[in-house]
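These notes concern the structure reproduced below.
Just so it is clear, none of the values below were taken in a lab; they were calculated from the coordinates. These figures come from a predicted structure and were not determined experimentally. Cβ placement follows ideal geometry from the backbone for every residue including glycine, while neighbour counts extend to all protein chains displayed.
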Amino acid sequence: MNKFLILVVLLISISCSQNTNEKTKQDKVAQKQVSKTQNIITESYELMIPENQKGLLIIFPCFPCDAENTKTEFGIENLALENNIAVLMMNFNQHLWLTENEKKELETIIINAISKHPINTGNTFIGGFSGGGNVSILLTDYLKSSGSVIQPKGLFIVDSPIDLLALYEVAKKTVEKNYSEVAVQEAQWIVSSFDEEFGTGDSSLMNYENKSPYTSKTHSLKNASHLKDLTTRFYSEPDTLWWRENRQAEYVDMNAFYIEQLANDLRKRNGENSITYITTQNKGYRTNGDRHPHSWSIVDKKDLIDWMVDG
């Protein structure tokens, strides 16, 4: 090997070594940041605080889920901590709507959680998956309208059933089709619970408008009327083929259909740039490998964190 080739090989080796060392240093810095995290676990939440906290991410789980499930299926906490964002993962679940007392109780839980620690709430974002997205909209609207000490800067929802009246109508169709055992069981619960909560017939419409995040039948934004000054993201994966094959459902039966309508109605009220509606393809998978477009995985975690940091 001549001297020139030897020199080239040495330069390449040194360059690769430097790149590897640089990545190792970056990984160690990230690990160091995470290792210095305060971790507080209570019955109501899990709170993770980085050493140099500059933001707060509040996350609500899906209907039957909790903070541990959010960590398993979403797993955004380490990336958030590396970017100096505290994470408050709520255990609050089994809600598709909120009473006024429940809104106040949630506000109190969050205020108590952050008041015990030196947390900067000036850069607070609230979001949730499925039913947790419903809770996120309703709580955020309440916090903004009530002048709470917690004033969210951003809001995001992930494939949430934001139109409860539409959810009820779709559930009735699902029961009639009797195609998927899992879907039918869920639909029967929805029909029974909603009949009891909202009533039936024309008189029930006002009850839905009073509690649902959105009612597409009347374009009601009653519970999303204070979102104008927020940066907002809606996520869905409208995989019509999957839903047709697995649930015999059409686009009009999917959460995505009503999320798109809500996004359009909010744009008309708050301006064209008020909402970022993000649709994905083939990203919906559960951590066990099951394909399902109704999953946390449709969210690009790095992009979401960048949105918070840059927002």
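Here are some notes:
- GNM top mover of 64, 152, 118 - the chain, alpha-carbon springs below 10 Å: 118
- With a Förster radius of 25 Å applied to the C-beta separation of residue 261 and residue 200, the computed FRET efficiency comes to 0.60.
- The range 37-87: radius of gyration and largest Cα-Cα distance (Dmax), Å: 10.7, 33
- Loop-resident trypsin sites (Lys or Arg not before Pro) (DSSP state other than H, G, I, E or B) in the range 57-135 with no more than 16 further Cβ atoms inside 10 Å of their Cβ: 116.
- Pairs from the list 222/268; 36/116; 103/173; 144/222; 103/283; 144/268 with a Cα-Cα gap above 22 Å: 103/173; 103/283.
- Residues of the range 268-311 with amide N under 19 Å of the 7 Å Cα→Cβ point at residue 186: 280-299
- Computed 3J(HN,Hα) for the range 110-121, one whole-Hz value per residue from the Karplus formula 6.51 cos²θ - 1.76 cosθ + 1.60 where θ = phi - 60°, is 5, 4, 5, 5, 7, 6, 7, 9, x, 10, 7, 9, glycine and proline marked x.
- The stretch between residue 52 and residue 72, if pulled fully straight at 0.36 nm per residue, gains 4.7 nm over its current Cα-Cα span.
- Label point distance in nm, residue 63-residue 149, each placed 7 Å from Cα along Cα→Cβ: 3.5 nm
- Note on the chain: GNM, Cα springs under 10 Å; of 66, 141, 202, the largest mean-square fluctuation is that of 202.
- Contour minus Cα-Cα distance for residue 104 and residue 244 (0.36 nm per residue): 46.4 nm
- Efficiency of FRET from Cβ geometry, residue 111 and residue 193, R₀ 30 Å, rounded to 0.05: 0.50
- Calculated mean residue ellipticity, 222 nm, the chain: -15500 deg cm²/dmol, from DSSP H runs (n ≥ 4) at -39500 (n - 2.57) each, averaged per residue and rounded to 500.
- Option label - P(r) over Cα pairs in 20 Å bins from 0, in percent computed here, alternatives (i) 25, 41, 24, 9, 1; (ii) 28, 52, 19, 0; (iii) 31, 52, 14, 4, 0: (iii)
- Positive-end extreme of charge dipole, the chain - chosen from 220, 264, 207 (charges on Cβ): 264
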